[in-house]
1. Under 7 Å by Cβ, and 6 or more places apart or on different chains, what pairs join a residue from the range 91-120 that is part of a loop (DSSP other than H, G, I, E, B) with one that is modelled with pLDDT under 90 and exposed (fewer than 10 other Cβ atoms within 10 Å of the Cβ)?
2. If residue 357 satisfies every condition in (1) part of a helix (DSSP H, G or I); (2) within 19 Å of residue 195 (Cα to Cα); (3) out of contact with any strand residue (DSSP E or B) (no Cβ under 8 Å at 6 or more places or on another chain) but one, which is the exception?
3. Take residue 390 and decide whether it is modelled with pLDDT of 95 or more, touching a helix residue (DSSP H, G or I) at 6+ places or on another chain (Cβ under 6 Å) and outside any helix (DSSP H, G or I).
4. For the range 347-365, does any single residue satisfy the condition of being touching a helix residue (DSSP H, G or I) at 6+ places or on another chain (Cβ under 6 Å) and closer than 24 Å to residue 292 by Cβ?
5. For residues in the range 330-351 being crowded, with 16+ Cβ neighbours inside 10 Å and in contact (Cβ under 8 Å) with a residue 60 or more places away in the chain, which is farthest from residue 126 (Cα to Cα)?
6. How many residues does the range 172-210 contain that are assigned to a helix (DSSP H, G or I) and not assigned by TED's automatic domain parsing to the domain that holds residue 255?
7. For residue 242, are the conditions met, namely being on the phi > 0 side of the Ramachandran plot and in the same structural domain as residue 201 (by TED's automatic domain parsing)?
8. If I ask for residues that are out of contact with any strand residue (DSSP E or B) (no Cβ under 7 Å at 6 or more places or on another chain), closer than 23 Å to residue 319 by Cα and touching a residue at least 40 places away in the same chain (Cβ under 8 Å), which ones from the range 379-401 would you list?
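The values are calculated or read from the model by the stated rules, or taken from the named source; none is laboratory data. What you are looking at is a predicted structure, and each value in this text was computed from that prediction instead of being measured. In this analysis, Cβ positions are derived from the backbone assuming ideal geometry, glycine residues included, and neighbour counts consider all displayed protein chains.
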């Protein structure tokens, strides 16, 4: 860009040399050519000034005094046809970025599946991303909610998800069908205490599993783990599904209402759905998941194998955050914030969450550092194989020593 010619240090000054004495006759006869040359030089200089200023105002300095000689070009030099601002103009190549130089690489976005309930790790990462130091620095997350872990497995298998919450059984089903899933950690386990009860109405006459004969059983997902665990218990009592009782699918959130309305007679109610129902006094526990399978590894974190191969550094950064977030969730000082994050994700009342969330003997076991109990999961898969719902599978073939966090003994 041309430098302004309105400054006091303008490059060009219009010069005019005046003499107070009148010219002599000799001057008039000997200097017409000089006068013409002087006028011509002034015109050329004025033209250059106007061209340099490009219609801006021109500052004209006072002419030099009588004892100063005006600057004149050397006799043999021709004025250069250059823009006078060129010598101070910065090189465009130096100011403008080189198009051939690569820009900073965009962060990789993990398409992450999540669901309800009991996924506090992810609820916290959504509500308080600062708890995960690598989130936003090493990777981004696109959070995609799914109603059930089976859909998360399907998303991983189809390549529409990069990571997802998967169930102990739903992941095994996907792997048996050839899905490329690597199990990298766990969120909750059921151990000893009754965290997923199979609930009946308190005023009903169902007192033991055999009493379900001729009645209707509800389950959150036909073909899901709690469906098969419940079926095994009813079979132990001598009842055959679809012959001795009917089974229908009912979402967790609608289970209590369906029981109250008499549409179903028994249903498993996970986590706060069960606590809310039992706290009302209108329902009783028939049996629990841990009466059949103990421990039961219920919710895990999985990644698509191809995504790990393409972005190992991203998965490593996420796994570091997974450990950090788990420790943060389990810190009693952060319980109020965990309740807030869970409320925002699930819309469950905070006062209800206050009554059980992260309280020993009321809530699920959360493995330290979010690690996976490989031996317990292998026992679970063996159980589902024995009841005819899985081929034989080896958990070790579906974890990665470099990335999978394993529960410590």
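1. none
2. It is condition (1) that residue 357 fails.
3. Numbers: modelled with pLDDT of 95 or more: yes; touching a helix residue (DSSP H, G or I) at 6+ places or on another chain (Cβ under 6 Å): yes; outside any helix (DSSP H, G or I): yes.
Judged against the criteria, residue 390 is a match.
4. So far as the range 347-365 goes, yes, one or more of its residues are touching a helix residue (DSSP H, G or I) at 6+ places or on another chain (Cβ under 6 Å) and closer than 24 Å to residue 292 by Cβ.
5. Among those residues, the one meeting the criterion is 348.
6. The first filter runs over the range 172-210 and keeps only residues assigned to a helix (DSSP H, G or I), leaving 172-176, 209-210.
From what is left, the residues that are not assigned by TED's automatic domain parsing to the domain that holds residue 255 are 172-176.
Selection size over the range 172-210: 5.
7. In short, yes.
8. Residue satisfying the conditions is 395 alone.
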